[in-house]
Every structure is written in structure tokens, then in C-alpha cells.
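One structure is given below, encoded as C-alpha cells.
Only the coordinates and a few stated rules stand behind these numbers; no lab work does. Since the structure is predicted, the reported quantities are computational estimates derived from the model, not experimental observations.
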Amino acid sequence: MDETAHAPVQASPGVPQVDVALRVNGARRRLRLDARVTLLDALRDHLGLTGAKKGCDQGACGACTVHLDGKRVVSCLVLAAQCHERDITTVESLSSGGEQHPVQAAFARHDAFQCGYCTPGQIMSAIALIAEGRAGSDEDIKEFMSGNLCRCGAYPGIRAAVRDAAGL
């Protein structure tokens, strides 16, 4: 599927515009963007995918974590132009046919969220952590999830959910 962004983008005077083709959740999306637009802002503001949250806008909180070519990234630090012809997976694509992804289901079973703001980034990071084979112990989980902050302190539930989803 090849879609063009539905909203016209206002160009900023003196800032170059770039044409970017992204593969987002399996669909090819074409955008014309200000060259300074981050992947996070392209997803949220231009494609309407609001699962990745804008927390700190400095790469410190992990609320904007998505997968880029199968690897987790904080999307506020990646320019959309750097993602031309690359695969981006967001939390919106995890459920299939009404069924939750196993990590989403584990988060629900273990009450691994309170306010829920960080949850999409936590889930995307947990999926990558498990795929990377780094969920061997609570200490491993704590270390490799340390880039994802939870202001509510739901860390025990998050670690339990990761252990559960990893089959530990």
C-alpha cells in the first residue's frame, strides 16, 4: 500500500524539504517533510500514529521507542529523513485480529503500568529485549530496560511481565 500523507506540510522559509518513503507497520508511506523533522514527529504529526509518546524529546525517557529495521530506537533522536526506505514498527501494529501481542498480554496480566504514558515504549523495548536474548534475569531486564523510565514506578510489574513473556 502506498499512501501519501493526508495533511499538507507547511514549509519553513529557508529550511530544505525532503521526500521520504517509510515502511511503517508494513505499509509504504510517502511524506514531504522539513529536513529537521524527527521520526517521532513524522509518526505522530504526519501519519497519525500516536502510540509513541513525546516524553523528554531528548532521548532520555524511552517513551518514544519504536523499532527501526528490527532494532529499538528512541524516535525523538532519529531524523525521519534517515529512515528513507527503512522498516519502522510501532506499538499500533502489535495486535493482530483482536489478539494482543504476548508482551502486551503479559503487561496486562502483571499490572505493568499505572498511568500508561510510558507503556508503549516499555512494550516496544521489552519485545526487542526478548528478541535480543537479554531477558536472562531480573538484573539483565533492569539493565537493558534502563533507557525506559516509568514515572509511576511500575518497575516490578514491568520486570514480571518481561519474565513472563520471555518464558522465564
Task: Rule-of-thumb Rg ratio for the chain [Cα; 2.2 N^0.38 Å; N residues] - done: 1.07
Open item on the list: As I understand it, the value is the acute angle between the Cα axis of helix 155-166 and the longest principal axis of the Cα atoms of the chain; what does it come to in degrees, rounded to 10?
Closed with: 90 degrees
TODO: Return the long-range amide H neighbours of Thr65 (sequence gap of 5 or more, or a different chain), with a cut-off of under 5 Å between placed amide H atoms.
DONE: Lys53, Ser75, Gly121
Open item on the list: Quick check of the Kirkwood formula: for the stretch 69-168, what is the inverse mean of 1/r over all pairs of different Cα atoms, in Å?
Closed with: 14.0 Å
Open item on the list: Could you tell me how far the Cα centroid of the stretch 53-125 sits from the Cα centroid of the stretch 13-40, in Å?
Closed with: 19 Å
Task: Global form of the stretch 2-91, assessed from the alpha-carbon gyration tensor, a/c cut-off 1.5 - done: oblate
Open item on the list: From Cα pairs below 8 angstrom and at least 6 apart in sequence, can you work out the relative contact order of the chain, rounded to a whole percent?
Closed with: 21 percent
